[in-house]
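Trainee: My questions all concern the structure below.
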Amino acid sequence: MLFRLLFFVLFVGIIEVYAFQAFKTISRVKWVQYTYILLSVAILIYIIYSFTQFDRRVGQTQQSLFTLGLLLITVIPKIILTLFMFGEDFYRVISGLISHFFVSGENSSFLPQRRKFVSQVALGIAAVPFLSLLYGVTKGKYNFKVIKQILFFPDLPEGFDGTTITHISDIHSGSFDDAEKIKYAVDLINEQKSDVILFTGDIVNTHATEMQQWTEMFKGIYNPKFGKYSVLGNHDYGEYIDWPTQKAKDENFEAIKDLHQQIDFKLLLNEHVKIKSGSDEIAIVGVENWGHNFKKVGDLNKASDGLSVNDFKILMSHDPSHWEYEVKNNQKHFHLTLSGHTHGMQFGIEIPGIIKWSPVQYVYKQWAGLYENLGRYIYVNRGFGFHAYPGRVGIWPEITVIELKKGEKVV
C-alpha cells in the first residue's frame with residue numbers, strides 16, 4: 001500500500017512539473033502561473049480526498065463518477081505534455097553533451113533553452129484529449145445512435161423473413177443523471193417498432209434501488225408482437241462491493257431479477273422460449289452471465305436443452321467472450337448471439353469503412369459490432385449506459401436494430 005502511494009505521488013509530481021514547464025513557456029505572467037498552480041493543487045486535493053471517501057459497501061456513486069471523470073480530464077492531457085517535454089529534455093541533454101565536448105567557447109551553455117514551439121505543439125495535441133474527454137462527460141454519454149444491420153440466413157424459417165430485433169445492453173441505471181436524455185433514448189427504441197426487443201444485461205451498477213426512479217420510464221418501452229426478453233450481466237450479481245451479510249446480497253439479487261418483471265421483460269435464466277409466426281418458430285435462448293474473466297454461471301446446455309441443431313436459435317449472452325470460448329463452434333449451431341459488456345471501453349475511434357479502434361480490442365476479440373464465424377454471427381452492442389468513466393468518446397451509446405432475412409447475402 002505504501003509503495004503504491006509513493007509511486008502515485010512520484011508519478012503525479014513528475015507530470016505536474018513537466019506540465020507546468022509547458023505552460024510556463026507560453027505565459028510569463030506570474031499571476032497566471034500562480035493561478036494554474038493553485039488550480040492544479042486544488043483539483044489534486046479534491047481527487048485524493050474523494051477517493052479516500054470511496055466506500056466499498058456502497059460502490060459507485062455520482063461523486064465517484066465525477067471524480068474519475070475529473071481525474072481523466074486533467075491527468076491524460078498532462079501525461080501527453082510530459083511525454084513531449086521529457087522528449088525535449090532528452091534532446092537538450094544530448095545537445096548539451098555535444099556542445100560541452102565538441103563546441104568551444106566560454107559562452108556555450110550546457111543545456112539549451114526550451115523551445116517555445118515544442119510547448120505550443122504539446123499543448124495543442126494535449127488539448128485534443130482534454131476537449132474530447134470534456135465533451136464525453138457533458139454530451140457524449142447521451143449521444144445515442146441507432147445502428148441498423150441486416151443479416152441473411154439460408155435456414156431462417158419463412159415466417160420470420162424480415163423480422164426486426166431491437167437490441168439494447170448495459171443500461172447501468174445507477175449512472176444516469178439526466179431524465180430528459182433517457183426519455184429521448186426510450187422514445188428512440190419505440191420509434192424502431194421492432195418485432196421483438198432483447199436486453200442483454202447489466203440493468204444496474206450494483207444495487208436494485210438504482211433502478212427505482214427509472215422503472216416507469218423503461219416500462220414505457222412498447223410491447224412488440226414477439227415480446228421483450230432479457231438476461232443478466234456481471235454487474236447484476238452484486239459482486240463488486242462489500243455486503244454486510246450474504247443475506248443482504250441475496251435479497252438484492254432477487255430484487256434485481258424482479259426489476260425485469262417490473263419493466264415487462266421476460267428474464268431468461270439459463271432457459272429458452274420459442275416465438276411463433278404462423279407454423280414457424282425460432283428459439284430465444286438466454287444464459288446467465290458467463291465471462292472468461294468474470295462470473296461463470298451461464299449454462300448453455302441447460303438453456304438449450306430440448307433444442308436441436310436444426311432449430312433456428314438466437315442466443316442472449318452478456319459477455320462476448322462466451323461466444324469465443326463456448327458458442328461459436330458449438331454443435332447445436334447458435335445462429336446469432338447478442339452480447340454487450342465491453343461498452344467499447346466508452347473510448348475509441350470509429351469511422352465506418354476506415355478505422356475501428358479502442359483499447360478494449362486488446363482484451364476482447366469481439367468488442368463492438370458484428371463478427372462472423374462459419375455462418376454464425378455475434379453482435380456486440382456498445383451499451384446503452386456508462387460506467388466508471390462518466391462519459392463516452394468516439395464510442396457512442398447504442399440502440400441496435402437487426403433485420404433477419406432468409407437467403408444468402410448478396411456481395
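Trainee: Which of the strands (runs of 3 or more DSSP E) contained wholly in segment 350-411 include at least 3 residues that are touching a strand residue (DSSP E or B) at 6+ places or on another chain (Cβ under 7 Å) and either closer than 14 Å to Leu151 by Cβ or touching a residue at least 60 places away in the same chain (Cβ under 8 Å) (or both)?
Mentor: The strands (runs of 3 or more DSSP E) meeting that bar are 369-373, 376-380, 398-406.
Trainee: Give the residues of segment 320-345 that are over 10 Å from Asn381 (Cα atoms) and touching a Pro at 6+ places or on another chain (Cβ under 9 Å), sorted by residue number.
Mentor: Those that are over 10 Å from Asn381 (Cα atoms) and touching a Pro at 6+ places or on another chain (Cβ under 9 Å): Thr337, Met345.
Trainee: Considering only segment 36-81, state which residues are outside any helix (DSSP H, G or I) and surrounded by 17 or more Cβ atoms within 10 Å (Cβ to Cβ).
Mentor: Gly59, Gln60, listed by residue number.
Trainee: Please go through segment 194-238 and pick out each residue that is out of contact with any strand residue (DSSP E or B) (no Cβ under 6 Å at 6 or more places or on another chain) and among the charged types (D, E, K, R).
Mentor: Passing the criteria: Asp202, Glu210, Glu216, Lys219, Lys225, Asp236.
Trainee: Quick check, is Gln53 free of Cβ contacts under 8 Å to residues at least 12 places away in the same chain, over 24 Å from the mean Cα position of the chain (by Cα) and in the same structural domain as Ser119 (by TED's automatic domain parsing)? Quick ask: steps written out before the conclusion?
Mentor: Numbers: free of Cβ contacts under 8 Å to residues at least 12 places away in the same chain: yes; over 24 Å from the mean Cα position of the chain (by Cα): yes; in the same structural domain as Ser119 (by TED's automatic domain parsing): yes.
Criteria met by Gln53.
Table: residues versus (1) out of contact with any Gly (no Cβ under 9 Å at 6 or more places or on another chain); (2) over 23 Å from Lys405 (Cα atoms); (3) part of a helix (DSSP H, G or I); (4) among the small types (Gly, Ala, Ser).
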| site | (1), (2), (3), (4) |
| --- | --- |
| Tyr135 | no, yes, yes, no |
| Lys141 | no, yes, yes, no |
| Lys148 | yes, no, no, no |
| Thr166 | yes, no, no, no |
| Ile171 | no, yes, no, no |
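The values are calculated or read from the model by the stated rules, or taken from the named source; none is laboratory data. Model, not experiment: these values are computed from the prediction. For neighbour counting, all protein chains shown are included, and Cβ atoms are generated from backbone atoms with ideal geometry for every residue, glycine included.
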